[in-house]
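Each value in this text was obtained by applying a stated rule to the coordinates, not by laboratory testing. These numbers were taken from a predicted model, which means no experiment stands behind them. No Cβ is skipped: glycine too gets one built from the backbone with ideal geometry, and neighbour counts run over all protein chains shown.
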Ligand code: NDP
């Protein structure tokens, strides 16, 4: 997902509401968050003094890192930036001035971070094809790593990343920010609390129109840097978010069909669209679609229950997620400021590291998702056959 696909309010406006919203958390929600063992949006704790916050290096100063992650440190209470890694030293220094960051690395002297005591955690915001290499090198340099989604190009790479974290005794997390996003946490609370009755179906639709002339979309259309196509980049939100809502239920099989114009020259290396279906152990069907070739941008989740349903017309965006409960009537439910998800995931990861607690979005979750998508691709290659997972 990219900046220009985000509908709605300015970040400044959202931030203005963010802190107040976070501090206004109902006591029961704050307690539930603490019981779960991780801070959430605008952590209810007071900010820590700068010297005690987790210190982060940001790797790859592109659209997402500059547009969303760096500003989020302004909302973070337990995290601060100390280093930038970039192939463009001028850009890094300009951003360094803006954020008070004075330690700079390139991709060649990246491993020197091992000697840098001012870095605890590394945030990988590179194209997908580079995730495995730079994650493993950071782990070997003794740093904890939060790597952007999708975790890597192949499940074999994901396995190597998990193993590198185990060997280095460092923490590896995946940047599934939705797990820290208040509207989705509210949906989870209601679904998990049985408000919809037994779930009957989940539907997930995520897509946008890829622009091959825009650099952040250009690499998304090149297999070596992208790993996969629309399902890797945008469909994964639907897959991962749906699974987030299904406590204890596990996928047992998947099937998929490609869904894009084959003659479209953008999609010679990666798929432009995928329609997928996943059967859970409970028998529940989760189905969805991903696309690089329609407008407008879609980020839609629907949870159909026997008693009621939740529709999220915007479910996984940066700033505008909405939850509509349909239980005979139709109620729009506010749950907090979506933008707080960025700071929430940074602080959540740092706190899990420091306190030795499980992280909400571990490397194993990223590996699970890539294995599922690989099985979907296998199914689509064979005309939609059901594949056991
Ligand atoms: P960009 O292309 O905007 O940024 C990637 C950056 O990586 C570049 O600016 C560059 O930074 C660095 N880079 C190093 N080598 C290469 C290369 N060969 N080609 C291109 N860039 C290179 O991409 P995005 O910011 O959109 O995506 C980065 C990551 O973030 C991806 O993994 C993506 O999936 C993820 N993402 C996650 C989102 C979320 O909501 N969780 C949303 C958007 C993206 P430099 O010049 O500093 O070296």
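A few comments on the model shown:
- Members of segment 81-108 that are assigned to a helix (DSSP H, G or I), out of contact with any strand residue (DSSP E or B) (no Cβ under 6 Å at 6 or more places or on another chain) and within 8 Å of the ligand (Cβ to nearest atom): 91
- Inspection of segment 235-249 identifies at least one residue that is in contact (Cβ under 8 Å) with a residue 40 or more places away in the chain, outside any helix (DSSP H, G or I) and out of contact with any helix residue (DSSP H, G or I) (no Cβ under 7 Å at 6 or more places or on another chain).
- Evaluating residue 278 against the criteria (1) touching a strand residue (DSSP E or B) at 6+ places or on another chain (Cβ under 8 Å); (2) more than 16 Å from the ligand (Cβ to nearest atom); (3) not in a strand (DSSP E or B) leaves one unmet condition, (3).
- Criterion: in contact with a helix residue (DSSP H, G or I) (Cβ under 7 Å, 6 or more places away or on another chain) and crowded, with 19+ Cβ neighbours inside 10 Å - qualifying residue of 71, 127: 127
- Residues that are part of a helix (DSSP H, G or I) and either away from the ligand (no atom under 12 Å from the Cβ) or surrounded by fewer than 22 Cβ atoms within 10 Å (Cβ to Cβ) (or both), drawn from segment 207-220: 215, 216, 217, 218, 219
- Within segment 221-252, the residues that satisfy the criterion of being surrounded by fewer than 16 Cβ atoms within 10 Å (Cβ to Cβ) and away from the ligand (no atom under 16 Å from the Cβ) are 247, 248, 249, 250, 252.
- Positions within segment 312-340 being away from the ligand (no atom under 16 Å from the Cβ), in a loop (DSSP other than H, G, I, E, B) and in contact with a strand residue (DSSP E or B) (Cβ under 9 Å, 6 or more places away or on another chain), in sequence order: 313, 322, 327, 330, 334, 335
- The set of residues in segment 135-150 being surrounded by 21 or more Cβ atoms within 10 Å (Cβ to Cβ) and more than 9 Å from the ligand (Cβ to nearest atom) consists of 135, 136, 138, 139, 143, 144, 145, 146.
- Residue within segment 160-174 that is within 13 Å of the ligand (Cβ to nearest atom), within 15 Å of the chain's Cα centre (by Cα), under 17 Å from residue 302 (Cβ atoms) and crowded, with 24+ Cβ neighbours inside 10 Å present: no
- Figure legend. Inter-residue proximity from segment 172-185: first residues in contact (Cβ under 8 Å) with a residue 40 or more places away in the chain and farther than 20 Å from residue 145 by Cα, second residues near the ligand (Cβ under 9 Å from one of its atoms) and not in a helix (DSSP H, G or I), beta-carbon distance below 8 Å, spacing 6+ or different chains. Indicated pairs: 181/316; 184/316.
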